[in-house]
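Here's the structure we're looking at; comments come further down.
The values are calculated or read from the model by the stated rules, or taken from the named source; none is laboratory data. Note that the structure is predicted; figures quoted are calculated from it, not measured. Here Cβ is always computed from backbone atoms with ideal geometry, including for glycine, and neighbour counts include all displayed protein chains. For the accessible areas, the whole protein counts, side chains as well, though only heavy atoms, and no ligand, DNA or RNA atoms are used. Shrake-Rupley method; radii C 1.70, N 1.55, O 1.52, S 1.80 Å.
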Amino acid sequence: MAIVKMKFVETAVDEAHLDDALMKGLGSRKIDAVEASGMVTEDNGGVLLSADNPYSDYLQTLDNFAHSVSYEFDRERKPKATYREEEIQAFLKEIDDKFGVTSDAEQVILTPEDEKAIDALSECGFERIHACKYLDFALGRMPRESFPKLTMYRDVNFVHHRLYENAQYVWMIIVTSDSYAPEVKKIFESLYFEPMEIPAYDVHKMLEEYKERLDDVYAWCLYRSRIIENYRYVAKFKDDCVFSGFVQAADVEEYESVFGDLPVKFTVKEPAEEPQFKCPTLLKNHWFARPFELFVEMYSLPAYCDFDPTAFFAFTYCLLFGIMFSDMGQGLVLLVLGLWLEKKKNSKLFGIIGRCGIFSTIFGFLFGSFFGYEELLTPIHEALFHTNGKLFDVMANQNTMTLLMGALVIGAVLIICSQCLNIFNNARQKKWGEVLFSQNGIAGLVFYIYILAAMGMQLLKMGNLFTFPLVMLCIVLPCVCFLMKEVFEKLMKHEKAKPHGGWGTYITQQFFEVFEILLSFITNSMSYLRVGGFVLSHAGMMLVVMTLMKMVSHGGFAVLIFGNAFVMLLEGLVVGIQSLRLEYYEMFSRYYTGGGVKYEVTAA
């Protein structure tokens, strides 16, 4: 239920051991490395460690080769030897001479059937075929319907051998003498023969000979290419090469241990000591709140110095969802199905559904609804709560106003909680202007609570709080704070109070902003009426399902199942979206700014 503490770790090593240290550090998967450009300034004498990367060109050449001969490199292999650039270039020339496929020239695309025919022909030996001086060979395919017509040319001097066939074509090799070759060629052209080039060598056999060297050279090039690409994290200061990044505070010792006996020096700092780098955020929450990190990240991650709203978000989201989607039977389905799919699919979204099902089950029980049966739980309510009937009948006319007023009260409590969170968070960051004078600070809190208390006492006829001293203290003074917030903040910082653009422009602009603030208190509060509205909507939809079930003489059970499934899908989706809207627009807008960057370990 917090943001994981980070440390900024600088790792210094001499240039001779840089490559090993860099790969060990990044390979530890413990550090979110920062670009070295942020470490170098004119004052510290640092220089960026830049280098050309010829290995990326070598890798591209080898990938072209692999594509041409249908070869797949082992990308996880560790190189067994080291290779100078001259050795790599010589090896590339060697395989180009042997295979002739490492250039960027256009290659003939063979189908899997073509490959099977060539594999069958390879038993004869491609080199032996090309070595024949007086015989002419032709490899290719012809349509199956043309193949029987070859019997018409038995007197012509050629032989053929079937290599492979499918439903459309027959692949074959044709052999004749040089003198009969033109005549044979015309015959096969008339039968729609499609010639193919006979390979000069057996690629698969040669690949077996080169496999070890190919994989090892590729692994070395990949290793060197990754190192050079990661030089962007390295800056050089005199005799030391330094790469830095953010490491979880609990992992610092483990990170330092991965370097073994390498001559490495570490400097561990607090993130605030390196303000030029934005410290990344990693959330850590308990079981219940953890899936709701998905929705928090969708809005924006909290900054490292901010607080994690996930636990508050999780509770309030489930509370709103459970009230609006209150059915014990359907809640149990959401609970079981959501938690099962969360475990099976490792999906946060299903985890959210399962946790919402907990609250739907609770409020469904309190409202006495079980798959649309509104009287099934009544005996339990009477026994537990000593009531005459259900604890709270949603569909009763006399309860409608109570339901809507309850929704407004829930909204007011959540708005007040949001304001308190905003005051707490800004106080932690010493933003005293926001704490004291903003609409979500102390001024806004006093204003809102006073209005609610005064109107509540008026409705309940418990007295009148709209007296002149209280109005001046709890309405006029907060409005002045809203109006003069920017000026008061400057005075607190001992700056000139005169606003930019002059007093006339400032007062005019702020007057409309204050009017918008006052209007937002009303609209935000009224927005929570949807909570009560969706309670009635859900109950109404289930009433329709139960009515249809009674109207159908046969198949009523099928109507009940289909109706519940339809309501769960439709109403569940709508309620989920509306709960998210209330979180984002009515609560997050009051206490949460976000703006954080995600903690992601840098891969070697």
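If only one of Glu229, Glu208 is part of a helix (DSSP H, G or I) and in contact with a helix residue (DSSP H, G or I) (Cβ under 9 Å, 6 or more places away or on another chain), which one is it? One residue alone meets the criteria, Glu229. Meeting the requirement of 3 or more residues that are closer than 30 Å to Asn64 by Cβ, the strands (runs of 3 or more DSSP E) wholly within segment 108-196 are 135-143, 169-177, 194-196. Gly594 fulfils the conditions (1) open to solvent by 20 Å² or more (accessible area, probe 1.4 Å); (2) touching a Pro at 6+ places or on another chain (Cβ under 7 Å); (3) of a type outside the set (Val, Ile, Thr) except for a single criterion, (1). Within the span defined as segment 105-119, every residue fails to be touching a helix residue (DSSP H, G or I) at 6+ places or on another chain (Cβ under 6 Å) and β-branched (Val, Ile, Thr).
Scanning segment 489-513 for residues that are closer than 20 Å to Gly433 by Cα and open to solvent by less than 50 Å² (accessible area, probe 1.4 Å) gives Glu489, Lys490, Ala497, Pro499, Tyr506, Gln510.
Against the conditions (1) outside any helix (DSSP H, G or I); (2) open to solvent by 40 Å² or more (accessible area, probe 1.4 Å); (3) touching a residue at least 12 places away in the same chain (Cβ under 8 Å), Phe73 satisfies every one except (2). Taking every residue in segment 461-472 that is on the phi > 0 side of the Ramachandran plot and pairing it with any residue that is open to solvent by less than 80 Å² (accessible area, probe 1.4 Å), at least 6 positions away or on another chain, the pairs with Cβ-Cβ distances below 6 Å are Gly463/Met457. Working carefully through the options Gln578, Gln510, find the one that is over 24 Å from the mean Cα position of the chain (by Cα) and either in a helix (DSSP H, G or I) or hydrophobic (A, V, I, L, M, F, W, C) (or both). Going through Gln578, Gln510 in turn, just one is over 24 Å from the mean Cα position of the chain (by Cα) and either in a helix (DSSP H, G or I) or hydrophobic (A, V, I, L, M, F, W, C) (or both): Gln510.
Scanning segment 424-469 for residues that are assigned to a helix (DSSP H, G or I), closer than 25 Å to Met405 by Cα and more than 41 Å from the chain's Cα centre (by Cα) yields a count of 10. Spot the failing condition for Met472; the list is (1) among the aliphatic types (A, V, I, L, M); (2) over 42 Å from the mean Cα position of the chain (by Cα); (3) open to solvent by 60 Å² or more (accessible area, probe 1.4 Å); (4) under 24 Å from Leu414 (Cα atoms), and only one is missed. Of the numbered conditions (1) among the aliphatic types (A, V, I, L, M); (2) over 42 Å from the mean Cα position of the chain (by Cα); (3) open to solvent by 60 Å² or more (accessible area, probe 1.4 Å); (4) under 24 Å from Leu414 (Cα atoms), the odd one out for Met472 is (4). The single condition among (1) of a type in the set (Val, Ile, Thr); (2) open to solvent by 30 Å² or more (accessible area, probe 1.4 Å); (3) part of a loop (DSSP other than H, G, I, E, B) that Val394 does not meet is (2).
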